[in-house]
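The values are calculated or read from the model by the stated rules, or taken from the named source; none is laboratory data. Please read these numbers as outputs of a predicted model, since none were measured by experiment. Cβ: placed from backbone, ideal geometry, glycine included. Neighbour counts: every protein chain shown. Keep in mind that these areas ignore ligands, DNA and RNA; they rest on the heavy atoms of the full protein, side chains included. Shrake-Rupley method; radii C 1.70, N 1.55, O 1.52, S 1.80 Å.
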Amino acid sequence: MSPRPRLDHVRRPELLAAAAAVIRQRGLENARVADVAHEAGTSAPSVLYYFASKSELLKEALTSAEERFYEKLAHRLEQLESPRERLLHIVHSATGEGDYDAALWMELWARALRDPELAATRAELDGRWRRTIAEVVRYGQERGEFRTADPDEFAVLLASLLDGLSVQIALRDTEVTPDRVRELAVRLAERELGCELPEGARC
Amino acid sequence: MTGAAATERGARERILAAAVDRIARHGIDEVRIARIAMDAGVSTSLVHYHFETREALLEQALDYSYELAGDVRLGPEGDVEELGSVKRLAAMIDQCLPYPGMLERDWILWVELWLRAARHPEMRPTAARLYARMRGWFAEAIATGIERGEFASDAEPERIADLLLALADGYGVRVLFGDLEVAHARREIWAAVQDELGLPEQPPPPLDPAHPQD
């Protein structure tokens with residue numbers, strides 16, 4: 001066997017998807033490089049070739065998962081003409097199954113408290129999420145559909161509400177269902193922005 | 001209880017307290033039994049006597065800290081007769097935010113706990129119990145305020161309790177990471193429920209004079 005890792009058959013995006021799956025399942029603490037390699041169908045040296053540490057693996061896995069999330073979100077938002085439908089879609093995208101990765105976010109939060117590099121990753125990803133929300137608010141204000149409210153302030157408010165609720169969903173708090181979450185978020189947005197969001201709009 | 005049993009129980013608590021402290025300072029993944037034993041002033045064999053495995057110790061330490069953090073959060077928010085519902089609600093919101101010092105430490109544990117509970121289903125009942133207690137704590141305070149005519153009569157206690165809990169967690173994380181000041185978070189949370197409860201526009205100042213305000 002060649003001492004050099006075989007890199008030909010596995011690509012970085014596949015490794016990142018495998019890493020995200022393993023972290024989600026076992027937590028970063030128990031995620032071994034061998035597990036990630038197994039999940040990706042490659043060898044441990046191939047994984048180590050790309051990632052120097054577990055922190056880096058988490059950072060990259062989360063960043064790439066978010067990248068896909070935003071790509072999909074941006075594409076979908078563009079297709080929606082109405083600002084109100086865009087806002088509703090944002091709420092749904094954060095409360096749906098699978099897209100918004102609460103387990104990875106919790107790993108990030110816990111580690112970012114002590115790891116400056118991960119703290120920077122968190123700040124960057126959170127900033128992007130908030131800007132996405134604020135842009136939709138500005139768009140709605142330009143079209144005269146949302147009332148004057150500070151878009152950035154509103155973005156922190158909505159993001160905080162959705163984060164708080166997604167923690168409770170992740171902990172399987174039976175009182176907090178995705179429907180309940182949507183209802184709370186939609187009513188908060190309606191009140192802050194002085195508008196009515198469409199009932200049961202397609203998302 | 002005999003003297004020996006009391007000492008033994010004291011040792012167990014000391015071990016748990018030392019573990020909680022280590023977790024808060026270094027993160028759960030970095031905690032070593034030998035260090036905890038040293039902090040608690042006991043031998044590692046005594047730690048193993050009380051806790052079969054490292055995992056068991058960490059789980060129980062978090063459980064213990066959850067209860068402690070819960071007690072802080074559910075803590076001395078003041079008597080409604082003395083404070084009135086408006087000031088009492090403000091004090092309860094303050095109990096849920098990471099003010100520098102003790103509350104901040106509890107918050108760090110809180111985040112570790114989320115992570116642990118998300119990963120380990122056996123930790124979830126503890127988490128769910130705590131959230132249920134806090135939800136009840138807020139809902140009861142709101143219902144009392146409505147009864148006393150201090151909050152709007154058509155406010156929905158459970159819904160607003162859910163809103164407050166989620167906002168406290170979501171803003172709390174951002175305060176912990178330094179995105180915003182705790183006084184700012186407090187004002188925004190207040191504003192989010194102000195209309196529905198019929199509250200004054202500005203929250204009353206924090207009960208604790210050491211807590212920063214706008």
Subset of region B:105-140, residues more than 10 Å from every other protein chain (Cβ to nearest Cβ), surrounded by 17 or more Cβ atoms within 10 Å (Cβ to Cβ) and closer than 21 Å to residue B:190 by Cα, comes to B:134, B:137, B:138, B:139
Taking region B:25-57 and the residues there that are within 14 Å of another protein chain (Cβ to nearest Cβ) and in contact (Cβ under 8 Å) with a residue 40 or more places away in the chain, the one that is farthest from residue B:101 (Cα to Cα) would be B:28
Restricting attention to region B:141-159, the residues that are part of a helix (DSSP H, G or I) and surrounded by fewer than 23 Cβ atoms within 10 Å (Cβ to Cβ) number exactly 8
Of the conditions (1) within 9 Å of another protein chain (Cβ to nearest Cβ); (2) assigned to a helix (DSSP H, G or I); (3) hydrophobic (A, V, I, L, M, F, W, C); (4) over 13 Å from the mean Cα position of the chain (by Cα), the single one that residue B:90 does not satisfy is (1)
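Name the single residue that is farthest from residue A:144 (Cα to Cα) among those in region A:187-202 being among the hydrophobic types (A, V, I, L, M, F, W, C) and either at pLDDT below 90 or part of a loop (DSSP other than H, G, I, E, B) (or both).
Of region A:187-202, the ones among the hydrophobic types (A, V, I, L, M, F, W, C) are A:188-189, A:193, A:195, A:197, A:201.
Adding the requirement that they be either at pLDDT below 90 or part of a loop (DSSP other than H, G, I, E, B) (or both) leaves A:195, A:197, A:201.
Values: A:195: 10, A:197: 14, A:201: 20 Å.
It comes out as A:201.
Of the residues that sit in region A:146-162 and are assigned to a helix (DSSP H, G or I) and free of Cβ contacts under 8 Å to residues at least 24 places away in the same chain, which one is least open to solvent (accessible area, probe 1.4 Å)? Walk me through it before giving the result.
Of region A:146-162, the ones assigned to a helix (DSSP H, G or I) are A:151-162.
Restricting the remaining residues to those that are free of Cβ contacts under 8 Å to residues at least 24 places away in the same chain gives A:151-153, A:160.
On the way: A:151: 19, A:152: 83, A:153: 51, A:160: 0 Å².
Applying the filter and picking the extreme gives A:160.
How many of the residues in region B:10-37 are loosely packed, with under 15 Cβ neighbours inside 10 Å and assigned to a helix (DSSP H, G or I)?
Taking region B:10-37 as the starting set, the residues that turn out to be loosely packed, with under 15 Cβ neighbours inside 10 Å are B:10, B:13, B:25-26, B:30, B:32, B:34.
Restricting the remaining residues to those that are assigned to a helix (DSSP H, G or I) gives B:10, B:13, B:25-26, B:30, B:34.
Total satisfying the criteria: 6.
Scan A:182, A:143 and give me the residue that is open to solvent by 10 Å² or more (accessible area, probe 1.4 Å) and farther than 17 Å from residue B:192 by Cα.
Working: A:182 fails: farther than 17 Å from residue B:192 by Cα.
Step by step, each of A:182, A:143 is checked, and only A:143 is open to solvent by 10 Å² or more (accessible area, probe 1.4 Å) and farther than 17 Å from residue B:192 by Cα.
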Filtering region B:99-140 for residues that are outside any helix (DSSP H, G or I) and touching a helix residue (DSSP H, G or I) at 6+ places or on another chain (Cβ under 9 Å) leaves a count of 3
Within region A:100-111, restricting to residues that are among the hydrophobic types (A, V, I, L, M, F, W, C) and farther than 12 Å from residue B:173 by Cα, the one that is nearest to the other protein chains (Cβ to nearest Cβ) is A:103
Checked A:114, A:130, A:138, A:122 against criteria (within 14 Å of chain B (Cβ to nearest Cβ), surrounded by fewer than 17 Cβ atoms within 10 Å (Cβ to Cβ), within 22 Å of residue B:179 (Cβ to Cβ) and not β-branched (Val, Ile, Thr)); the one match is A:114
Q.
Any residue at all in region A:62-75 that's within 20 Å of residue A:189 (Cα to Cα), modelled with pLDDT of 85 or more and either surrounded by 21 or more Cβ atoms within 10 Å (Cβ to Cβ) or within 14 Å of another protein chain (Cβ to nearest Cβ) (or both)?
A. no
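Which of the following residues is in contact with a helix residue (DSSP H, G or I) (Cβ under 6 Å, 6 or more places away or on another chain), open to solvent by 20 Å² or more (accessible area, probe 1.4 Å), in contact (Cβ under 8 Å) with a residue 24 or more places away in the chain and within 9 Å of another protein chain (Cβ to nearest Cβ): B:167, B:176, B:207? Quick ask: steps written out before the conclusion?
Details: B:167 fails: open to solvent by 20 Å² or more (accessible area, probe 1.4 Å); B:207 fails: within 9 Å of another protein chain (Cβ to nearest Cβ).
Within the list B:167, B:176, B:207, the selection yields B:176.
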